[in-house]
Amino acid sequence: MARSDFALFMGQLFRKPHQVVALAPSSAGLCAEMVAELDPDGGPVIELGAGTGNITRAILGAGIAPEQCHSIEMNPDFCDRLRGNFPGLNVHQMSAGDCGDLDVENVQAVVSGLPLLSMPVQLQRDILGGFARKVRPGGQYVQFTYGPKPPVTRVVREELGLDWRKSGKIWWNMPPARVYRFTQAA
């Protein structure tokens, strides 16, 4: 991460703490785990909570073309930075709860940097419902968490029939994190 990206992140963390709740940007190790199963030829990817672009950079580094990546971010300063740093990237300044309204189909994965467990259950429903409408059969919702439990509440997991796998702990992230990959049961 460039020094200017870190300065922007920290500035927004202090000015808009209700929008930026992470203690630090995602580490390279966490980003690599988030994108480990993306297929460069597998179709579009939706990214939620793109921030300053650490996970975006990893998505593109995994071979996803910028025009195949749809990054959703609410913060206008982060959106400007994303547009400047990643030419061709589809940047959508909107709520992640509206991701089901994007004009993109047959998505291979939704990759989320959002603090999902700190959100109201209805917003989780909106986000995961959007995932269910946009992702092709077998597609994934990829979400990290710092805690010991799945980062999607039980009621939403049950309503959508979600199965999941989790990674090992990524110790070099601040704080240490784990990645969950959710799919809808067949």
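Note on SER118/GLU67: beta-carbon distance plugged into 1/(1 + (r/R0)^6) with R0 of 41 Å gives a FRET efficiency of 0.80. Between ASN85 and ASP39, the modelled label-to-label distance comes to 2.9 nm, taking each label 7 Å out from Cα in the direction of the beta carbon.
When the helices of the chain are scored as -39500 (n - 2.57) per DSSP H run of n ≥ 4 and the total is divided over every residue, the value at 222 nm lands at -9500 deg cm²/dmol.
Taking Cα centre as origin and charging only the Cβ of basic (Lys, Arg, +1) and acidic (Asp, Glu, -1) residues, the dipole magnitude of region 20-144 rounds to 180 debye.
Start at zero, step by 10 Å, and the Cα-Cα distances of the chain spread as 10, 41, 40, 9, 0 percent across the bins. Ranking GLN68, GLY29, GLY43 by how far each Cα lies toward the positive end of the dipole of the chain (charges on Cβ) leaves GLY29 at the top. Each Cα pair under 8 Å and six or more residues apart adds its sequence gap; the mean of these over the residue count of the chain is a relative contact order of 20 percent.
Using the Cβ-Cβ distance between ARG154 and VAL104 with R0 = 41 Å, the FRET efficiency computed as 1/(1 + (r/R0)^6) comes to roughly 0.90. Cross-link reach is defined here as a Cα-Cα straight distance under 16 Å, omitting same-chain residues fewer than 8 places apart; for LYS169 the aspartates and glutamates meeting it are GLU33.
What region 31-186 shows is 45 Å² of accessible area per residue, with the surface traced by a 1.4 Å probe over protein heavy atoms.
Across region 173-181, computed HN-Hα scalar couplings (Karplus, 6.51 cos²θ - 1.76 cosθ + 1.60, θ = phi - 60°) run 8, 10, x, x, 9, 9, 10, 10, 10 Hz from first to last residue, x flagging Gly and Pro.
Across region 54-60, coupling constants 3J(HN,Hα) worked out from phi with the 6.51/-1.76/1.60 Karplus curve, θ = phi - 60°, read 4, 6, 4, 4, 5, 4, 5 Hz, and Gly and Pro carry x. Computed from phi, the 3J(HN,Hα) profile of region 154-169 under the Karplus parametrisation 6.51, -1.76, 1.60 (θ = phi - 60°) reads 4, 4, 5, 4, 5, 4, 9, x, 8, 9, 8, 10, 10, 7, x, 6 Hz, with x in place of Gly and Pro. At a temperature of 10 °C and a viscosity of 1.306 mPa s, determine how fast region 112-177 diffuses translationally according to Stokes-Einstein, using the Kirkwood radius over alpha-carbon pairs as Rh; express D in µm²/s, rounded to the nearest whole number. Answer from the Stokes-Einstein relation: 124 µm²/s. Each peptide in 176-186, 47-57 was scored by the mean count of other Cβ atoms within 10 Å over its residues; highest first, the order is 47-57, 176-186. Of the solvent-accessible surface of the chain, computed with a 1.4 Å probe and all protein chains present, 55% belongs to carbon and sulfur.
The values are calculated or read from the model by the stated rules, or taken from the named source; none is laboratory data. The structure displayed is predicted, hence computed values, not measured ones. In this analysis, Cβ positions are derived from the backbone assuming ideal geometry, glycine residues included, and neighbour counts consider all displayed protein chains. What goes into the accessible areas is simple: the full protein's heavy atoms, side chains included, and nothing from ligands, DNA or RNA. Shrake-Rupley method; radii C 1.70, N 1.55, O 1.52, S 1.80 Å.
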